[in-house]
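Student: My structure is below; once you've seen it, I'll send some questions.
The values are calculated or read from the model by the stated rules, or taken from the named source; none is laboratory data. The structure presented is a predicted model; accordingly, all values stated were derived computationally and were not measured. Using ideal geometry, Cβ is built from the backbone for each residue, glycine included, and neighbour counts are taken over all protein chains shown.
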Amino acid sequence: MNDNSRTTGKPATAARMYDYYLGGIHNFEADRAAADMVMAQFPFIRDAARANRAFVAKAVRYVAEAGVRQFLDLGSGIPTVDNVHSIVRRAQPGARVVYVDIDPDAVAESMDILSGDRDAVAVRGDVQDPSAVLNHPDVRRILDFGRPIGLVAAAVLHFLPDHRAAERILAEYVAALPPGSHVIVSHSAKESFDLVDRSTVTENVYQRRTSTPGTVRTRAEVERLFAGLEMVEPGVVWAQQWQAGTAVTDPAPPALGGVWAGVGRLT
C-alpha cells in the first residue's frame, strides 16, 4: 500500500501507524508522516511496538497451550506476520478467532487473509461499544461463550483516554467470558514518556492527525485494568520482560520500554 496513487485523501490511522512502526507495507503517506513525528520525539517507539508484538505472540501461545481454543482480538489492526490465528493453531489446530477493528482498511486486509477460513473472521466494530461487538452475528457464530476465550486487548486501550471508561469497557468484555478465559493486555507506559517529559506530544499527534485520540498510563493504572482477575506471573511488567511463569523482581528497567504488558485469568 505504499503506492502514492492510493494515498490521496487518506487520513492517518492508528492501525496503519502501528504497521509502519513494525516495518510493514500497509501504510500511507499520512500515516508515515504522523508516525515520524512521534518517533522524532520518542525514538524508542519503534522498538516498543516490536516488543509489544513479541509479547502478544508469547502471550497468545501461552493461553493456547493452556487449552484455550478461541480468541477475540480487539483493535486487531492491520494484519502482520504471524497473526493470532496462526500462532494459536500451532498449539490448537482448528482454533477459532475473531478480529475486531474500527478501521475499514484493517478489516478489509484481514478479510482477504481469512478468505475461505470458516473458523476465523474479521468484523468492523468499535471497541468502546462492548454490547455491539459481543452481539455481532459473526462474533456469536464463531465463538462459544460457554467455553473459555482468550481476550486480546493489545495496544488498544490507550486509545480510550478516560481512565474509568477504559476500566469499565474492559470489565464489560470480561463479564461476558466464562471461567478459564484469559485476558491479554498491553498499554503504552506513562513512565517511559515522562522520562522525555513530552508525554502530551504523542496524545496531541493522535488527536490531531487521526480519528483516535491516545493517552498513556502508569503501571498501577494498567494493573487496575485487571481488577478481579488472577494474574499470570510475572504480572504487569515491561513487554520485553514478560514470560509466563517467570518472576520479575524489578520491573524498572528498561526505563524506555514503552509498553506495560500482562495476562490475567478468570477463575
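Student: Considering Asp126, Asp101, Asp105, Asp144, which residue is surrounded by fewer than 19 Cβ atoms within 10 Å (Cβ to Cβ) and under 25 Å from His26 (Cα atoms)?
Tutor: So the residue among Asp126, Asp101, Asp105, Asp144 that is surrounded by fewer than 19 Cβ atoms within 10 Å (Cβ to Cβ) and under 25 Å from His26 (Cα atoms) is Asp126.
Student: Starting from residues that are buried (at least 24 other Cβ atoms within 10 Å of the Cβ) and part of a loop (DSSP other than H, G, I, E, B), keep the ones in segment 1-27 and report whichever is modelled with the lowest pLDDT.
Tutor: Checking each candidate, the answer is Thr13.
Student: Output the residues belonging to segment 152-184 that are in a loop (DSSP other than H, G, I, E, B), in contact (Cβ under 8 Å) with a residue 60 or more places away in the chain and more than 10 Å from the chain's Cα centre (by Cα).
Tutor: Hits for segment 152-184 are Leu177, Pro178, Pro179, Gly180, Ser181.
Student: So, one more: Looking at segment 87-98 only, could you name the residues that are surrounded by 16 or more Cβ atoms within 10 Å (Cβ to Cβ) and not aliphatic (A, V, I, L, M)?
Tutor: Within segment 87-98, Arg89, Gln92, Arg96 qualify.
Student: So Thr210 fits all but one of (1) at pLDDT 95 or above; (2) crowded, with 18+ Cβ neighbours inside 10 Å; what number is the exception?
Tutor: It fails just one condition, (1).
Student: Ala33: surrounded by fewer than 17 Cβ atoms within 10 Å (Cβ to Cβ) and either in contact with a strand residue (DSSP E or B) (Cβ under 8 Å, 6 or more places away or on another chain) or assigned to a helix (DSSP H, G or I) (or both), yes or no?
Tutor: It is true that Ala33 is surrounded by fewer than 17 Cβ atoms within 10 Å (Cβ to Cβ) and either in contact with a strand residue (DSSP E or B) (Cβ under 8 Å, 6 or more places away or on another chain) or assigned to a helix (DSSP H, G or I) (or both).
Student: Further question: In segment 58-80, which residues are over 17 Å from Val232 (Cα atoms) and either part of a helix (DSSP H, G or I) or under 15 Å from the mean Cα position of the chain (by Cα) (or both)?
Tutor: Phe71, Leu72, Asp73, Leu74, Gly75, Ser76, Gly77, Ile78, Pro79, Thr80
Student: Return a yes/no flag: does segment 188-200 have any residue that is modelled with pLDDT of 90 or more and among the aliphatic types (A, V, I, L, M).
Tutor: yes
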